[in-house]
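S.K.: What follows is a single structure, and I will ask about it in a moment.
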Amino acid sequence: MTNKTEKKGFSRRQFLKASGAASAVAGGAGLGLFGYEAGKDPRTYRGWENWEGVNQVFNRKKYAVDQPTCQKVGPTRRVDARTEVIFYRRGSFMRQWREETGLEGMEPHIQEYYRKNPEDLELDIYSQEVIFPKLMEDRKKYQDQFRLSDAWSNAMGAVSPPRITEPPEVSDFPRRSRRGGSTEPVKFKDPKKTSKLIKKIAHELGSTLVGIAKLNPDWVYKYTSIGRGFQSDEPIEVPKHWQNAIVVGTPMSWDPMYANPNYGTSNDAYSRSRIIAFRVASFIKQLGYAARPHTPGTDYDLMVPPILVDAGIGEQSRPSIVVTPELGLNFRPAIITTNLPLHPDKPISFGVQDFCDHCKICAENCPSDAISYGDRVEVRGYLRWQVNTAKCLNFWNSTLGSMGCRLCVAVCPYTRKSNWIHKAALKVTADDPTGISEKALTMMQKRFYPGPEPQKYYIPSLGGENASYREPPWWLRTEDFIE
Amino acid sequence: MQFFISGWFWFLEGILTCLMVVGLKFYMEDKGIPMPFWKWILFGLWILLAGFTIAFVGTSLGEGEPTAAKLGGILFGLTSTISGIALWRILLTGRNKT
Ligand code: SF4
Ligand code: SF4
């Protein structure tokens, strides 16, 4: 009898011990499978999985600061977009530059700019005389390889609201509808509540992140050359009704974005953000207030990144793009200027200035050397990193990808999907006052997530291999679908 | 396959962990090895490290980053192995040899 009990007890113990060992193995395997699923989980493609605003998850209040992290350090100057915004200047250059007439054949303000910045003239000439002919050559040879990604990019850009052509005094204000509704502004109870409402509406309309700032007139272009109701030879008077700025925006699709510069596109997020901005503006106008959308790619009357900083969306980074806690650099914003009384958000500081100080991954991976390795400098009165936009645009034209490069976006440690690894890394770096974790994570980032040599991203005629940072997603591999 | 990122998976993982702890407890008792609370804490920490390593490798593979999976596996795997051996020796201290 005693023997029997002992035998029974013995076997139960043995069974539990064996179960414990088996559980350890099964639990470990389970964790591996959990990790694999978590890495693939489509819900980590933040900003592409739903429109309910649940992606603005970062606790900004905890990191709120009174002054934006790009500090004012001297007398400020508004930007002359005709020459200082590369797209507008390149446009003028291509229309006006003739070798025979040289600078003399160009508009006076452009002549003046090039006299002060001869290296930009060299880069603009290089683009026209060397890069474009080679690009045309390589397009003939290799463009078919990117048929699917080109089609995807064009499809995303196929729907767009009409361009604004009237001045703000006309286009921004509500007009009587055909149904004859009132255009009188409704009386809102409280700007804080109105801000909450506008944010909810913007999220419902598809915006991944939303923020509100008082509009700093320093951010409005001094001159512009794209119209929108302004004359290019007259300075822009900042309209009185541009009191507040609402930031909306969306990320680019994640997998193509990692396959930059050849398979990604800005069109996807540009298009979504444009439509959202026009819808938010329409919502505001229908309540009787003025609203004007400033939308990507080039339909702006102001500089966008500093407004994002003011609105607490993120911090300006080494490549001059704004890093957001939720999406890293993968955020394509649009702005709505309005006289709707709103309560502004506070700027935030979650460690980006320190991180960018020593990280420099984007600078190391930038094929055109456009991103500075140095410290922040004073730009028009504000302390920030300065990117060489002429070099950057020259690289855009040295690849076969759609509308640009975006490698700095893809390689940044902040631009990661929202799985547990990257969420934990963000939390650790944002809360670590010593900077040790930032250094450790940067070191890991450089070794764990390497990319091709920067030269390989160029087209073959310019010494490259049409490389991409990561493999394209299956649905953009032309060779798998088309003969 | 969505099971592994569902709440049910963590429920099951909890049951497996309990079984593992019970199994270890009996094993140690049978071997005459005392397990004061600090040994359990060290063991728990090691389990977190080992679990982190496995999940890191899985997640990196899932998100299409094989280099991160390989290097992370080597770095954290070695750390887990070395600390695991050290932990085992620590756990064996105070063993009743009779
Ligand atoms: S890659 Fe590094 S330096 Fe560049 S923006 Fe990102 S954190 Fe800053
Ligand atoms: S977009 Fe490309 S070329 Fe331009 S700064 Fe970024 S990495 Fe450099």
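The values are calculated or read from the model by the stated rules, or taken from the named source; none is laboratory data. Small disclaimer: the values here were computed from a predicted structure and weren't measured. For neighbour counting, all protein chains shown are included, and Cβ atoms are generated from backbone atoms with ideal geometry for every residue, glycine included. Ligands, DNA and RNA are excluded from the accessible area calculation, which covers all protein heavy atoms including side chains. Shrake-Rupley method; radii C 1.70, N 1.55, O 1.52, S 1.80 Å.
S.K.: Lys pairs in chain B, Cα-Cα under 30 Å, at least 8 apart or on separate chains: how many?
M.R.: Eligible lysine pairs with Cα atoms under 30 Å apart amount to 5.
S.K.: Follow-up question, since we're still on this one. With +1 assigned to the C-beta of every Lys and Arg and -1 to the C-beta of every Asp and Glu, and no other charges, what is the dipole magnitude of segment B:2-91 about the Cα centre in debye, to the nearest 20?
M.R.: On the way: 5 positive and 5 negative charges, 61 e Å.
It works out to roughly 300 debye.
S.K.: For chain A, calculate the relative contact order in percent as a whole number, restricting contacts to Cα pairs under 8 Å that are 6 or more residues apart. Walk me through the numbers before you get to the answer.
M.R.: Values: 857 pairs, mean separation 104.4, N = 483.
Reported relative contact order: 22 percent.
S.K.: I would also like to ask the following. Taking the Cα-to-Cβ direction at A:Thr76 and at A:Glu166 and moving 7 Å from each Cα, how far apart do the two end points lie in nm?
M.R.: Taking the simple label geometry, A:Thr76 and A:Glu166 are separated by 3.0 nm.
S.K.: In debye, nearest 20, what is the charge dipole magnitude of chain A about its Cα centre with +1 on Lys and Arg Cβ and -1 on Asp and Glu Cβ, if you could check? Before the final figure, lay out the partial values.
M.R.: Details: 67 positive and 55 negative charges, 547 e Å.
Using Cβ point charges on Lys, Arg, Asp and Glu, chain A gives about 2620 debye.
S.K.: Largest first, how would A:Ser149, B:Ser6 line up by accessible area (1.4 Å probe)?
M.R.: On the way: A:Ser149 0, B:Ser6 30 Å².
If we order A:Ser149, B:Ser6 from most to least accessible, we get B:Ser6, A:Ser149.
S.K.: Which of the three applies to chain B, rounded, prolate or oblate, going by the alpha-carbon gyration tensor with a ≥ b ≥ c and a/c under 1.5 meaning rounded?
M.R.: On the way: a/c = 3.73, a/b = 1.62, b/c = 2.30.
Judged from the Cα gyration tensor, chain B comes out oblate (a/c at least 1.5, b/c at or above a/b).
S.K.: To continue, here is another question. Run the 1.4 Å probe and let me know the accessible area of A:Cys405, rounded to the nearest 10 Å².
M.R.: Surface accessible to solvent at A:Cys405 totals approximately 10 Å².
S.K.: Rounded to whole Hz and in sequence order, give me ³J(HN,Hα) for segment A:89-94 from the Karplus expression 6.51 cos²θ - 1.76 cosθ + 1.60, θ = phi - 60°, writing x for Gly and Pro.
M.R.: Per residue, the Karplus-derived 3J(HN,Hα) values read 5, 4, x, 5, 4, 5 Hz.
S.K.: Separate question: Between beta-carbons, use under 13 Å as the cut-off and find the net charge around A:Lys62, counting Lys and Arg +1, Asp and Glu -1. Before the final figure, lay out the partial values.
M.R.: Details: positive: A:Arg60, A:Lys61, A:Lys346, A:Lys427; negative: A:Asp431.
So the environment of A:Lys62 carries a net charge of +3.
S.K.: Straight-line reach only, C-alpha to C-alpha below 20 angstrom: list the aspartates and glutamates that A:Lys200 could link to, leaving out same-chain residues fewer than 8 apart.
M.R.: Counting by Cα, and skipping residues close in sequence, A:Lys200 has these aspartates and glutamates nearby: A:Glu49, A:Glu52, A:Asp190, A:Asp310, A:Glu326, A:Asp345.
S.K.: Chain pair A, B: how much accessible area is buried, both chains summed, with a 1.4 Å probe, in Å² to 100? Mind dumping the intermediate values first?
M.R.: Numbers: alone 23860 and 7310 Å², together 28080 Å².
Roughly 3100 Å² of accessible surface disappears when A and B pair.
S.K.: How many angstrom lie between the C-alpha centres of segment B:31-98 and segment A:54-83?
M.R.: Value for the Cα centre distance between the two parts: 44 Å.
S.K.: What are the ³J(HN,Hα) couplings of segment A:420-429, residue after residue, when phi is run through the Karplus curve with 6.51, -1.76, 1.60 and θ = phi - 60°? Round to Hz, x for glycine and proline.
M.R.: Couplings: 4, 5, 6, 5, 5, 4, 4, 4, 4, 5 Hz.
S.K.: Here's a follow-up. Going down the table (A:Lys193/A:Lys214; A:Lys196/A:Lys222; A:Lys199/A:Lys240), which pairs top 20 Å between alpha carbons?
M.R.: A:Lys196/A:Lys222; A:Lys199/A:Lys240
S.K.: For a paramagnetic label modelled at 7 Å from the Cα of A:Arg13 toward its Cβ, which residues of segment B:6-33 fall within the zone defined by backbone nitrogen distances under 19 Å?
M.R.: B:19-33
S.K.: Moving on. Just to make sure I understand: if all protein chains stay in place, what is the order of A:Asp345, A:Asp66 by accessible area at 1.4 Å, largest first? Walk me through the numbers before you get to the answer.
M.R.: Values: A:Asp345 45, A:Asp66 115 Å².
Reading off the accessible areas and sorting them downward yields A:Asp66, A:Asp345.
S.K.: When a/c is below 1.5 the answer is rounded, else prolate if a/b is larger than b/c, else oblate, so apply that to the protein assembly as shown with a ≥ b ≥ c taken from the square roots of the Cα gyration tensor eigenvalues. Walk me through the intermediate numbers first.
M.R.: Values: a/c = 2.39, a/b = 1.84, b/c = 1.30.
Prolate shape, in that a/c is at least 1.5 and a/b is the bigger ratio.
S.K.: Counting other Cβ atoms within 10 Å, keep those with at most 11, restrict to DSSP loop, and tell me which chymotrypsin sites (Phe, Trp or Tyr not before Pro) in segment A:400-483 are left. Please list the in-between numbers first.
M.R.: Values: sites: A:Tyr414, A:Trp420, A:Phe448, A:Tyr457, A:Tyr458, A:Tyr469, A:Trp474, A:Trp475, A:Phe481; in loops: A:Tyr414, A:Tyr458, A:Tyr469.
Of the chymotrypsin sites (Phe, Trp or Tyr not before Pro), not one in the loops of segment A:400-483 has a Cβ with at most 11 other Cβ atoms within 10 Å.
S.K.: Next up: List the lysines whose alpha-carbon lies under 23 Å from that of A:Lys391, not counting same-chain residues fewer than 8 positions away?
M.R.: A:Lys116, A:Lys134, A:Lys360, A:Lys456
S.K.: Let's test the formula: R0 of 56 Å, r as the Cβ-Cβ distance of A:Gln145 and B:Asp30. What FRET efficiency results, to the nearest 0.05? Provide the component values of the computation, followed by the final result.
M.R.: Working: r = 65 Å, r/R0 = 1.16.
Calculated transfer efficiency: 0.30.
S.K.: Label segment A:81-145 by shape, choosing from rounded, prolate and oblate, from the square roots a ≥ b ≥ c of the eigenvalues of the Cα gyration tensor; if a/c is under 1.5 it is rounded, and otherwise prolate applies when a/b is larger than b/c, oblate when it is not.
M.R.: The shape class here is prolate.
S.K.: Right, here's the next one. Of the candidates B:Phe76, B:Phe11, B:Phe56, which one comes out as most mobile in a Gaussian network treatment of chain B with C-alpha springs shorter than 10 Å?
M.R.: Comparing B:Phe76, B:Phe11, B:Phe56 in the GNM, the peak value goes to B:Phe11.
S.K.: Can you give me the solvent accessible area of B:Thr93 with a 1.4 Å probe, rounded to the nearest 10 Å²?
M.R.: Here the accessible area works out near 70 Å².
S.K.: Let me ask something else about it. Share of antiparallel DSSP beta bridges in chain A, in percent to the nearest 5? Mind showing how you got there, number by number?
M.R.: Numbers: 26 of 27 bridges.
In chain A, DSSP labels about 95 percent of beta bridges as antiparallel.
S.K.: Which positions within segment A:425-465 get 30 Å² or more of their accessible surface covered by the other protein chains, compared to the chain by itself, with a 1.4 angstrom probe?
M.R.: A:Met444, A:Phe448, A:Tyr449
S.K.: On to the next question. Would you mind working out the accessible area per residue for the protein assembly as shown, using a 1.4 Å probe, and quoting it in Å²? Display every interim value, and only then the final one.
M.R.: Working: 28080 Å² over 581 residues.
Spelled out: the 1.4 Å probe surface of the protein assembly as shown, per residue, equals 48 Å².
S.K.: In the protein assembly as shown, which Cys residues have no partner Cys with a Cβ closer than 4.7 Å?
M.R.: If one checks each Cβ against the other cysteines of the protein assembly as shown, A:Cys70, A:Cys356, A:Cys359, A:Cys366, A:Cys392, A:Cys405, A:Cys412, B:Cys18 turn up with nothing under 4.7 Å.
S.K.: Under a crude label model (7 Å from the Cα following the beta-carbon direction), how far is A:Trp475 from A:Glu137 in nanometres?
M.R.: Between A:Trp475 and A:Glu137, the simple spin-label model gives 3.7 nm.
S.K.: Which chymotrypsin sites (Phe, Trp or Tyr not before Pro) in segment A:210-268 pass both tests, a DSSP loop state and at most 13 other beta-carbon atoms within 10 Å?
M.R.: Details: sites: A:Trp219, A:Tyr221, A:Tyr223, A:Phe230, A:Trp242, A:Trp254, A:Tyr258, A:Tyr263; in loops: A:Tyr221, A:Phe230, A:Trp242, A:Tyr263.
Those that pass, being in a loop and sparsely packed, number zero.
S.K.: Among all the lysines, which ones have a C-alpha under 17 Å from A:Lys62's C-alpha, if same-chain residues fewer than 8 places away are not counted?
M.R.: Of all the lysines, those that pass the test against A:Lys62 - Cα under 17 Å, at least 8 places apart if same chain - are A:Lys346, A:Lys423, A:Lys427.
S.K.: Right, here's the next one. Compute, for segment A:81-145, the length of the dipole vector about the Cα centre, with Cβ point charges of +1 (Lys, Arg) and -1 (Asp, Glu) only. Units Debye, rounded to 20.
M.R.: Once rounded to the nearest 20, the dipole reads 260 debye.
S.K.: In what order, largest first, do B:Leu48, B:Leu92 sit by accessible area if the probe radius is 1.4 Å?
M.R.: Numbers: B:Leu48 120, B:Leu92 55 Å².
So, going from the largest accessible area down, we get B:Leu48, B:Leu92.
S.K.: On the protein heavy atoms, probe 1.4 angstrom, tell me the percent of accessible surface of chain A carried by carbon and sulfur. The partial results should precede the final answer.
M.R.: Values: 12330 of 22320 Å².
So the carbon and sulfur contribution to the accessible surface is 55 percent.
S.K.: Still on this structure, please answer the following. Round to the nearest 10 and report in Å² the accessible area of A:Met303, as given by a 1.4 Å probe over the protein chains' heavy atoms.
M.R.: Using a 1.4 Å probe on the heavy atoms, I get roughly 30 Å².
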